[in-house]
Amino acid sequence: MINSLSVPLALLVSAIPTPKLCTQASVTPVIRTLDTSDLVRGLPANPHLFRPRAATASHPQGHVLVVQNRVPVDVDSAESSQSPEAIGGSRDPVPSPNIPGQLHCPFGVQFDSDGVMWVVEYDGGRVLKRNVDGSFTTVAGQSQAGYVDGVGSDAKFNQLHNLVIAPDGMIYLSEHMNHVIRSLDPKTGRVETLAGSGAPGFSGDGDNIRQPGATPVRFNQPISIALSPDGQSLLIADIGNRRIRELSLKTNSLRTVAGNGKQGVPIDGELATDSPLVDPRAVAFDADGNFYIAERNGNALRVVRDGRIYTLAGTGRKGKQDGPALQATFNGPKHIETGPDGRVYLADDNNHLIRIYDPQTRTVSTLNTTPFELKRPHGVTWYRDSLYLSDSFHHRLIKIPAPMKN
C-alpha cells in the first residue's frame, strides 16, 4: 500500500520523446500514473521483460520501483508478488526538471542502509532521494550543467552516470563530462571533488593524491564506479584512458589495476596492468574481491583474478546469442552487477535486454522481463532479493522479484 512505504523508490528517465509503457498484461492489476504523493498499483503478473538503461533499485517491502516516463509507479507485492513492477514520473517530457515529482533522465540508483532510494539524473544534473509519500527531494545539484562544488543546489554537475553508497553513508558519484569522482554527504548535502581535476587526461597514480605537491589526478570520462566488498576502495572505469583504476578511501592512494592504455583484446592469463582493453564501460566486484569488466564496443565480459585478466563471455562481435559463454554475443553492454546467486547481470544496452552470465555453467542467458519490453537499459541493481533495472529510454525503473536461476 502506498501509505505503508517506508523507503524511497527508484527512478530513471531518459531525454527521449514519450515512449509508451508496455501494458500487454494477462493479469488484472492496473497501472496508473501517480502524482508526487501517489503510487501505481498492479502490473501484470508474468515475469519480466523491459529495457533498462541507467539505474535501478529495490524496496525493502517488495514494491516495484521503476521510473516510467518520469512517473512513479508501484505495484504492491501482495497483489503480484512474482511480477515485475514499475514506478515513474510523468508520461510526457517536461520543459523543466524542477517540477515536483518529475525526473529528467535518471541513471544510477542505489539504496542506502536505511532503505532510502537515491537516484542521479544524467541530463537533469541532480542527486535526489525518494520520500515516503512518493515525492522526490533534490539533495544536490541543479538543472544547469557545470562544475561547482558546494551545498545543495549550489553544486553543479555535468552528466552524472553512477553512484555507490559506502557503509558510513557517504555517497560517491562518477561524473562523465567533468572527468571527476565526487562525494556527497547525505546529511549536509555538501558536494566535494574526491578525485580529478575537471580536465580529461591520464595522471595522478600515486600513494596519496591529496597530499601537498601531489600530481593532479586526471581521468578521461570516468563512467562506472564500484565499491569494494570491504567498503575501503572505489573501482573506476576510466573508459577514455582504457584503464580500470582503484582509489583507496582509506589512504587516498590511486593505482591502475587493469589496462595499459592501448586498445585491443587482452590475452587470457596475462597481467591485467600490462594488457590492452577495448573500452571498459562498467565494473563490478564479486564477493571474493575479483572484479568484472564489461567492454561496450568489445562486446565481452572479462574478469581480473589475482591480477590476471580472462575473457569469460562474448566473441567480440555484435549479436544476442545465448549459450556457451565464449560463443555468446552482446551488443554494447553498459552496466554490470553481481547478484547474490553468484551470477553476473549485464544491461545489454543495444539489444534492449538483460543478460546473465553463470560462472558455474559458463553460459549466457537472457532474463525474462515479460510483460515489459526494454529500451536501452543502463542500470542493474540488487536490493535484498530483487533485481532492479533502469529502462532508460522508456523513462522507468523496473523491479524483478527474486529472479533466481531460471
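The values are calculated or read from the model by the stated rules, or taken from the named source; none is laboratory data. This is a predicted model, so every value here is computed, not measured. Neighbour counts are summed over all protein chains in view; Cβ atoms, including those assigned to glycine, are modelled from backbone coordinates with ideal geometry.
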- If we keep only residues of segment 381-400 that are surrounded by fewer than 23 Cβ atoms within 10 Å (Cβ to Cβ) and either outside any loop (DSSP other than H, G, I, E, B) or touching a helix residue (DSSP H, G or I) at 6+ places or on another chain (Cβ under 9 Å) (or both), then the residue modelled with the highest pLDDT is Trp382
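Given the structure, is Ser183 without any contact (Cβ under 8 Å) to a residue 60 or more places away in the chain, part of a strand (DSSP E or B) and not acidic (Asp, Glu)?
Details: without any contact (Cβ under 8 Å) to a residue 60 or more places away in the chain: yes; part of a strand (DSSP E or B): yes; not acidic (Asp, Glu): yes.
It is true that Ser183 is without any contact (Cβ under 8 Å) to a residue 60 or more places away in the chain, part of a strand (DSSP E or B) and not acidic (Asp, Glu).
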- For segment 332-342, does any single residue satisfy the condition of being crowded, with 24+ Cβ neighbours inside 10 Å and assigned to a loop (DSSP other than H, G, I, E, B)? no
- Query: Inside segment 358-377, can you point out the residues that are surrounded by fewer than 18 Cβ atoms within 10 Å (Cβ to Cβ), among the hydroxyl-bearing types (Ser, Thr, Tyr) and either in a loop (DSSP other than H, G, I, E, B) or free of Cβ contacts under 8 Å to residues at least 40 places away in the same chain (or both)?
  - Reply: Thr361
- Task: Working carefully through the options Pro359, Pro371, Pro324, find the one that is at pLDDT below 95 and not charged (D, E, K, R).
- Result: Pro371
